[in-house]
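Have a look at the structure below, then the notes.
Quick note: the coordinates plus some simple rules give every number you see, no bench work behind them. Fair warning: this is a prediction, and the values are worked out from it, not measured in the lab. Cβ sites come from the backbone with ideal geometry, for glycine too, and all protein chains shown count toward neighbours.
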Amino acid sequence: MRTVRNVHERPVAAPAEVVGALLDRVSSPDDPLSPSPVWPPIRFDRPLGVGADGGHGFVRYSVGAYDPGRSIRFDFSPPSNGFHTLETEPTGAGSCRVRHVLEQEQDLKSWLLWTLVIRPMHDTMVEEILDNIERAATPGTLTKPHRWSRRARLMHRLVRDRPKAAPVPPEAELAHQAFAAPDFADACVLPLDPGMPRDPHAWRDVLPFEIQATAPNELLLGEDAGHLDFRASVLIADDKVTLTSVVKIHNWRGRLYFAVIRHLHPPVARRMLRRAHRRLAFAAPPAALRAETAAQ
């Protein structure tokens, strides 16, 4: 076993009590620090306090200690061990230092996983939390946001959520109305994290087809051809985006063509939805800017 200790610090030109008030909002609906939607939001089963259980994405932990306005300690859930803390300390009348510390005992397998896969993502996520602290505490002064390493981008792409197959949702009215009796229909879905666009028109580039119809929470794209007609619905509902495909076949050429395409279509559709989801996540404003806009 070996002890891993990972430390990130950031001087902030704001009083410790200002930054401490931001720490107290971690995991709240208006959390200005969580680097969502690029990373999964920090969520607990109750308001921030000792015993609150949750985490972000596949990383699970509970609140082991909490000193409001000063520090939070998160204890990793078994079978993991160790903790990570987020704390602030004054360094002057109008300045402070924010520190994030992770400490954990790791065997060889865990250490290799940490070194090769987890650490690049961890370091990037923590630095983006510190970026958000600086944005929220000192508006307009963050001139050098953290830059992602190539390894962090690669690891993030590999672990990001993948669309799952789903029934065609009843709320997708445009999809249901597209054809009286479609010959094929399927759907895939991804959750929407805080900060992701809820306007279906923002997802216009999921597929390169013309807009056929619109509704407040749904966009219908498609194309007509001599052998078959195709429609794709983008539905935003219940904090999820669902891509539904429906097909109407006209003749033997359409049946022959779709006999091949139907086996390729589901993975291609899922990949296109995942790519659009990731692109829009990176394009979304940081949590600190969203919180500032909501307060105005």
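Observations on the structure shown:
- In the range 2-159, Cα pairs under 8 Å separated by at least six residues give a relative contact order of 27 percent.
- Highest-fluctuation residue, 160, 147, 270 considered, GNM on the chain with Cα pairs under 10 Å: 147
- Proxy reagent accessibility, fewest Cβ within 10 Å first, across 143, 138: 143, 138
- The calculated 222 nm mean residue ellipticity attributable to helices in the chain amounts to -9500 deg cm²/dmol, summing -39500 (n - 2.57) over DSSP H runs of n ≥ 4 and dividing by all residues.
- Matching the structure-derived percent of Cα pairs over 29 Å apart against the labelled list (i) 46; (ii) 42; (iii) 33 gives the label (i).
- Listed peptides 250-261, 49-60 appear in the order 49-60, 250-261 once ranked by packing, highest mean of other Cβ atoms within 10 Å at the front.
- Screening the chain for whole DSSP H helices with an alpha carbon extent of at least 24 angstrom along the helix axis and a mean Kyte-Doolittle hydropathy of at least -0.5 yields 252-283.
- Secondary structure note: in the range 164-281, about 100% of the DSSP beta bridges are antiparallel.
- The alpha carbons of the range 2-159 stretch over 46, 36, 29 Å along the principal axes, in descending order.
- Relative contact order of the chain, defined on C-alpha pairs under 8 angstrom at six or more residues apart (%): 18 percent
- For peptides 170-176, 153-159, sequence by mean Cβ density within 10 Å, most packed first: 170-176, 153-159
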